[in-house]
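Taking it in order: structure first as structure tokens, then the write-up.
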């Protein structure tokens, strides 16, 4: 039986680097035999169905496929529909509930990085940022009025950032809807 997954690609279509059209991305997935392939926005979210592979094997296969097709060092955070349901259900109380006041992000972690270890690397500025560990993710919020003081922007320069990708809360929730 085929399982529904979302591949969260890291580092594409950001600042003019690793520019990949979503139609081309969809075509590569389809050519590899994945079914019901759908992309969502330009930041590299690919929903598809696959059968008979472990998530670890799928991740390797997708990274190799993307590196070959687009000549970039692909890093993928793969989540099943059940895992995405747990991410959305596991959000801290009130997370996402004040979009006029806070920006909400989900930091998806590679399976080699635990949320506990990631929390040791992610800094928060009191009164500006908050972060919580989840299952394979970190939840991060920051005050919009103080966004320029947020420590989230420092994360991108840290080595641990290579093992994560960030999606805003609305995108995360929408991906789950598209998977269902």
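With respect to residue 70, determine if the residue is over 16 Å from the mean Cα position of the chain (by Cα) and under 23 Å from residue 32 (Cβ atoms). Criteria met by residue 70. Scanning the stretch 136-163 for residues that are within 21 Å of residue 87 (Cα to Cα) and at pLDDT 95 or above gives 136, 137, 138, 139, 140, 141, 142. With respect to residue 109, is the statement that it is outside the structural domain of residue 9 (by TED's automatic domain parsing) and under 17 Å from residue 171 (Cβ atoms) true? In short, yes.
In contact with a helix residue (DSSP H, G or I) (Cβ under 9 Å, 6 or more places away or on another chain) and either over 29 Å from residue 21 (Cβ atoms) or not in a loop (DSSP other than H, G, I, E, B) (or both): does that describe residue 119? Judged against the criteria, residue 119 is not a match.
Among the listed residues 31, 7, 67, identify the single one that is free of Cβ contacts under 8 Å to residues at least 40 places away in the same chain and either within 19 Å of residue 165 (Cβ to Cβ) or assigned by TED's automatic domain parsing to the domain that holds residue 135 (or both).
67
The lone criterion from (1) closer than 28 Å to residue 30 by Cβ; (2) crowded, with 16+ Cβ neighbours inside 10 Å; (3) in contact (Cβ under 8 Å) with a residue 24 or more places away in the chain left unmet by residue 111 is number (2). Which residues, taken from the stretch 73-101, are more than 30 Å from residue 150 (Cα to Cα) and in contact (Cβ under 8 Å) with a residue 60 or more places away in the chain? Matches in the stretch 73-101: 80, 81. Scanning the stretch 132-170 for residues that are touching a strand residue (DSSP E or B) at 6+ places or on another chain (Cβ under 7 Å), closer than 23 Å to residue 47 by Cα and assigned to a helix (DSSP H, G or I) yields 163, 169.
The values are calculated or read from the model by the stated rules, or taken from the named source; none is laboratory data. Bear in mind the structure is a predicted one, so any value in this text is a computation, not a measurement. We place every Cβ from the backbone using ideal geometry, glycine too, and count neighbours over all the protein chains shown.
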